[in-house]
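Working notes for the structure below.
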Amino acid sequence: MDKKGPVKGADMSELTVWQNAAIGIKGDTVVWLGSTEEATILEANQVMDAKGRLVTPGLVEPHTHLVFGGSREKEMALKQQGVPYLEILKQGGGILSTVKATQETPFEDLLEKALFHLDRMASYGITTVEAKSGYGLDRETELKQLKVAKEANEKHPIDIVSTFLGAHAIPAHFKDNPEAFLQEMSDLLDEIKQENLAEFVDIFTETGVFTVPQSRRYLMKAKEKGFGLKIHADEIDPLGGTELAVELGAISGDHLAVTSDEGIQRLANSNTIGVILPGTSFYLGKDDYARAREMIDAGAAIAISTDFNPGSSVTENLQLIMSIAALKLKLSPEEIWHAVTVNAAYAIGRGKVAGSIAVGRKADIVVWDAPNYLYIPYHYGVNHTNTVIKNGKVIYERQGIR
């Protein structure tokens, strides 16, 4: 795991694998790597025998909507009937119902719910996670979401990287004046920066939400204030969100389900990482998945995420998403492992501290009930996690969270 990331193109097929390896941990840090034979001469206060199991870096989850109120299971029937998401949105469902629930849910209840989901993520081997706001669409609730994520980061072993997604949808009372709403969200940026509530700013660039010019102006304001940039790009219609992400030097362009040929080429020739969310296409019953195979073949860096949210990808199981990536995106196991470790870490600004096992790095490690790395995407729909170590401490074993 000594490649400098993000890992791009053909390099994603070259995975470093050690047999009969041993890892030395002191405090929260990896301090030694070698063979099991070499390890027998070392002094240790505690020895964990993985007994031939697969051991990997902790998984990194680069795109989630962690903090939200309520749930939307009643919408599943509409989706089964083929009702498009944008139509559900027009009927007051979709994100707008989650916004209402999040606005009405007290801080402590949102925190308890977020911690519950983080526990489940840890059980699937995730040790670092990005969390977006975006279910407030007003000053009070957006700040509430960000503050919940900040407190969850302090209370839970998993590291949380926070993103401000106030521009996630247009509230009904701003329907005819989206520019005024974007200004209201822009007015929050100074307060968010001052209170250290988010590292990144995101926007939903899509038909019926925000145009490319609107997104460009909004993100430029965020960039000028020192935020990193992300874009919900080309999820439903190919508006050019991928091209905009590259133009602005965004750390990632996310979704990319319908990215154009031009967008793929620009992505490949940039340092922007494509965060692919195949669970969303799967859950919404779409036949078309992001052209991740073509992106990698063109030379791009790809990461994979659950897109955990209450409406379009209701799962914390990144292992399942790895299987979907193999089956639907036609990615190799080697490419998938890069996409959920080192590249996912770089997609949220954690490339130098997460996503790899290396001397001097934090000891974020997963022991799997699997004999090799090929097995995880192959055997789908179950949890293969045996033990999760975060910052040198065991935070999950099969019998439960510590």
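Worth a mention:
- Residue match in segment 329-343 (condition: free of Cβ contacts under 8 Å to residues at least 40 places away in the same chain and of a type outside the set (Gly, Ala, Ser)): yes
- Any hit, segment 96-114, residues being within 16 Å of the chain's Cα centre (by Cα) and at negative phi: yes
- Filtering segment 304-331 to residues that are among the basic types (Lys, Arg) and within 15 Å of Ser123 (Cβ to Cβ) leaves nothing.
- Any pair with Cβ under 7 angstrom, 6 or more apart, that starts in segment 129-155 at a residue that is among the β-branched types (Val, Ile, Thr) and ends at one that is part of a helix (DSSP H, G or I): Val129/Met121; Thr141/Thr102; Thr141/Gln103; Val148/Phe107; Val148/Leu110; Val148/Leu111; Val148/Ala114
- Screening Glu191, Glu184 for residues that are in contact (Cβ under 8 Å) with a residue 24 or more places away in the chain, surrounded by fewer than 16 Cβ atoms within 10 Å (Cβ to Cβ) and more than 27 Å from Pro6 (Cα to Cα) leaves exactly one candidate, Glu191.
- The residue that is nearest to Lys4 (Cα to Cα), counting only those in segment 320-355 that are among the polar types (S, T, N, Q) and surrounded by fewer than 22 Cβ atoms within 10 Å (Cβ to Cβ), is Ser332.
- Of all residues in segment 323-331, none satisfies being polar (S, T, N, Q), touching a strand residue (DSSP E or B) at 6+ places or on another chain (Cβ under 8 Å), assigned to a helix (DSSP H, G or I) and over 23 Å from Ile236 (Cβ atoms).
- Selection status of Lys150, within 16 Å of Ala198 (Cβ to Cβ) and either among the β-branched types (Val, Ile, Thr) or in contact with a Phe, Trp or Tyr (Cβ under 8 Å, 6 or more places away or on another chain) (or both): no
Here's the yes/no breakdown for (1) under 22 Å from the mean Cα position of the chain (by Cα); (2) crowded, with 19+ Cβ neighbours inside 10 Å; (3) part of a loop (DSSP other than H, G, I, E, B):
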residue	(1), (2), (3)
Asp11	yes, no, no
Trp32	no, no, no
Met48	no, no, yes
Lys51	no, no, yes
Val60	yes, yes, no
Gly70	yes, no, yes
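- Taken as a whole, segment 211-218 holds at least one residue that is touching a residue at least 12 places away in the same chain (Cβ under 8 Å), out of contact with any Asp or Glu (no Cβ under 9 Å at 6 or more places or on another chain), closer than 28 Å to Glu151 by Cα and of a type in the set (Ser, Thr, Tyr).
- Leu15 fulfils the conditions (1) in contact with a helix residue (DSSP H, G or I) (Cβ under 9 Å, 6 or more places away or on another chain); (2) among the aliphatic types (A, V, I, L, M); (3) over 20 Å from Leu374 (Cα atoms) except for a single criterion, (3).
- Condition check for Val148: in contact with a strand residue (DSSP E or B) (Cβ under 6 Å, 6 or more places away or on another chain), within 22 Å of Ala131 (Cα to Cα), at pLDDT 95 or above and not in a loop (DSSP other than H, G, I, E, B): no
- Checking every residue in segment 165-180 against the condition of being under 14 Å from Glu130 (Cβ atoms), out of contact with any Pro (no Cβ under 8 Å at 6 or more places or on another chain) and crowded, with 17+ Cβ neighbours inside 10 Å gives at least one match.
- Tally, over segment 35-46, of residues that are surrounded by fewer than 15 Cβ atoms within 10 Å (Cβ to Cβ) and either of a type outside the set (Asp, Glu) or under 21 Å from Leu318 (Cβ atoms) (or both): 8
- Selection from segment 253-299 of residues that are hydroxyl-bearing (Ser, Thr, Tyr) and within 20 Å of Thr205 (Cα to Cα): Thr259, Ser260, Ser270, Thr272, Thr280, Ser281, Tyr289
- Those helices (runs of 4 or more DSSP H) lying entirely in segment 151-230 with at least 2 residues under 22 Å from the mean Cα position of the chain (by Cα): 189-194, 212-224
The values are calculated or read from the model by the stated rules, or taken from the named source; none is laboratory data. Everything numeric here is computed off the predicted structure, so don't read it as measured data. Because the Cβ atoms are built from the backbone with ideal geometry, glycine has one as well, and the counts that use them run over all protein chains shown.
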